1. Keeping to segment 326-345, report how many residues are open to solvent by less than 10 Å² (accessible area, probe 1.4 Å) and not aliphatic (A, V, I, L, M).
2. Could you tell me whether segment 148-159 includes any residue that is assigned to a helix (DSSP H, G or I), touching a Cys at 6+ places or on another chain (Cβ under 9 Å) and either more than 28 Å from GLU251 (Cα to Cα) or open to solvent by 40 Å² or more (accessible area, probe 1.4 Å) (or both)?
3. Being without any contact (Cβ under 8 Å) to a residue 60 or more places away in the chain, over 23 Å from the mean Cα position of the chain (by Cα), within 21 Å of LYS125 (Cβ to Cβ) and surrounded by 16 or more Cβ atoms within 10 Å (Cβ to Cβ) narrows it down to one residue among LEU50, LEU35, LEU31; which is it?
4. Determine whether LEU357 is at pLDDT 80 or above, in contact with a helix residue (DSSP H, G or I) (Cβ under 7 Å, 6 or more places away or on another chain) and open to solvent by 80 Å² or more (accessible area, probe 1.4 Å).
5. Kindly indicate whether any position in segment 434-442 is open to solvent by less than 20 Å² (accessible area, probe 1.4 Å), at pLDDT below 95 and touching an Asp or Glu at 6+ places or on another chain (Cβ under 6 Å).
6. Taking segment 100-121 as the search range and keeping residues that are hydroxyl-bearing (Ser, Thr, Tyr) and farther than 16 Å from LEU48 by Cα, which one is surrounded by the fewest Cβ atoms within 10 Å (Cβ to Cβ)?
7. Yes or no: segment 455-471 includes at least one residue that is at negative phi, of a type in the set (A, V, I, L, M, F, W, C) and modelled with pLDDT under 85.
8. Quick check on segment 401-420. Is at least one of its residues open to solvent by less than 10 Å² (accessible area, probe 1.4 Å), outside any helix (DSSP H, G or I), of a type outside the set (Phe, Trp, Tyr) and out of contact with any strand residue (DSSP E or B) (no Cβ under 8 Å at 6 or more places or on another chain)?
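The values are calculated or read from the model by the stated rules, or taken from the named source; none is laboratory data. All values reported here derive from a predicted model rather than from experimental measurement. No Cβ is skipped: glycine too gets one built from the backbone with ideal geometry, and neighbour counts run over all protein chains shown. Quick note on the areas: whole protein, heavy atoms, side chains included, nothing else; ligands and nucleic acids left out. Shrake-Rupley method; radii C 1.70, N 1.55, O 1.52, S 1.80 Å.
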Amino acid sequence: MINNVKQRIQQLYEKPTLRIIKMQIAYIIILIFSLITPIYFFNSESTLLLISWLGNITFGISLCLYYKLTKTFISPYIFFYVSFYLFQFGQLLLFSFRINYDYVFTGFYSTYWENDINIVIQGAKIIVLSLAFFNLGSILSFHKKSIRNINFIPNKKVSEMKIVGIFLFIVSIIPFFYNKIGEVFVSIKYGYQGLYNNNFDFTPMLKQLTILFIPSCILLMIVCNNKTSKYIQLLLVIVGLLGLVGGGRTEAIGIFSMLIIYNYAKKVEISIRLIFKLVLLSIIFMILISSFSEFRLIADKSIIKFLDVLIYNTIENNVLFKLVGELGWSMGTVFMTIYVVPKQINFGWGSSYLASLSRFIPTSIDPSGIIARLHEISYYPSNLLTNYYQAEFGLDTTLIAESYFNFGVLGVCFMIVIGYFIGKLLGYKQCYNIFNNKFSLYVKLVGSFTLFTLPRRHFGYMINQIAYTIVYVYLLVIIVVIVKKYFVNKNITNKK
């Protein structure tokens, strides 16, 4: 009887998912047909404009289909997908509205692919298809999902999670703020550009510890009482504001997005008006930072001149367009990769993906050096363009560029795999199935923060963040559980 009820619930659960999967696949077929059909009466600019609008439509349809599954736009995956869209498509979004901007495909960097507009068009098509395939993977992650929530660590182990959170907070707070305050001072003195010329010396261990500070805050925010949780949220807001001053705008957006998701999950009322106010305040804050940065360079300072700079940054040098454009610069690495691979460098055939899996294992526990070598191979796509062009700063790579490096045009299909994995990690269909377990909530929140910039990074970065902020934290909690159980049993034995 109970099994029959479960099967019936499972069937009701899967039917809408199957329908949405079919809708996404149908749209992808139409999209592929639209992209491969030659339009002879369009010039190159008009073709790129058409592809840009196909990308906007793909983004909108993907959001709507995911919303039909989850009934909410405030979720870790939605925030990640918006980030994915802006990092990979931001400049084409501006281009679709004919906004005046120094686009990567018309400015200096277009010389990196010899100003070949065909490469830009091919790259834009690959990006649009990747957006669609990625979302298909996330939707597929809901299919045949168990109606029972798997709790990695039960809520009764909250005290153990709190111990781990406090420990990580203590060991990471000093290196984190040393680095963060240093960035702020450099940014105030030299502007954002100064951050590229000033490095903060860290041993590898201290550098890894800085990664753990915000995850430790997230863990404590979840397991502590409401009063302590509010203080931790305030600390995270301060960190986000320091990030805005110190050039870490994407870090700040990731923190604020994570806090919105957390409060929404805790049933704190979040109105559209509140979100609008937060966005408006962030924009005003960024305008002021940009204005103060430019005002420092003026010789004869005065209030009138500051107002001139402020008006210019508010109206002509629109900070929102500038932010979207800067995020969207990452799409340039796709064009560069198409130019380089396979004409100059052979396809990777999945080598970077396989090597990246080794990053779950620290090099310190492998005296043979095999793991260190695999780590080095996993970094290859990230260094490929920088080394080839002998650039003065890291050109890095993106998820889409790395997929092309490995499999060429067919790399768009691998985006289904990455989308599926991200969908499993960040997605949820019903709040009560996720947010009734504190460690599951931690996984969603820390994933929404640490993976916010993943679209402009390589696959190995994702493995590294998951290893440090989820797997290792999980193992630490298990160790604390075992140690506590050992001492409890020992005390009981001694009393007897």
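1. Count: 5.
2. no
3. Details: LEU35 fails: without any contact (Cβ under 8 Å) to a residue 60 or more places away in the chain; LEU31 fails: without any contact (Cβ under 8 Å) to a residue 60 or more places away in the chain.
Being without any contact (Cβ under 8 Å) to a residue 60 or more places away in the chain, over 23 Å from the mean Cα position of the chain (by Cα), within 21 Å of LYS125 (Cβ to Cβ) and surrounded by 16 or more Cβ atoms within 10 Å (Cβ to Cβ) holds for just one of LEU50, LEU35, LEU31, which is LEU50.
4. Numbers: at pLDDT 80 or above: yes; in contact with a helix residue (DSSP H, G or I) (Cβ under 7 Å, 6 or more places away or on another chain): yes; open to solvent by 80 Å² or more (accessible area, probe 1.4 Å): yes.
Yes, satisfied.
5. First pass over segment 434-442, keeping only residues open to solvent by less than 20 Å² (accessible area, probe 1.4 Å): 434, 437, 439-442.
Those still in the list that are at pLDDT below 95 too: 434, 437, 439-442.
Now drop any that are not touching an Asp or Glu at 6+ places or on another chain (Cβ under 6 Å), which leaves none.
Within segment 434-442 (the criterion being open to solvent by less than 20 Å² (accessible area, probe 1.4 Å), at pLDDT below 95 and touching an Asp or Glu at 6+ places or on another chain (Cβ under 6 Å)), the answer is no, since none of the residues qualifies.
6. From segment 100-121, those hydroxyl-bearing (Ser, Thr, Tyr) are 101, 103, 106, 109-112; that's our starting set.
This time we only want the ones that are farther than 16 Å from LEU48 by Cα, so: 109, 111-112.
On the way: TYR109: 19, THR111: 8, TYR112: 20.
Filtering first and then ranking leaves THR111.
7. If we filter segment 455-471 for residues that are at negative phi, which is where we start, we get 455-471.
Keeping just the survivors that are of a type in the set (A, V, I, L, M, F, W, C) gives 459, 462-463, 466-467, 470-471.
Cutting the leftovers down to modelled with pLDDT under 85 gives us none.
No, the conditions are met nowhere in segment 455-471.
8. no
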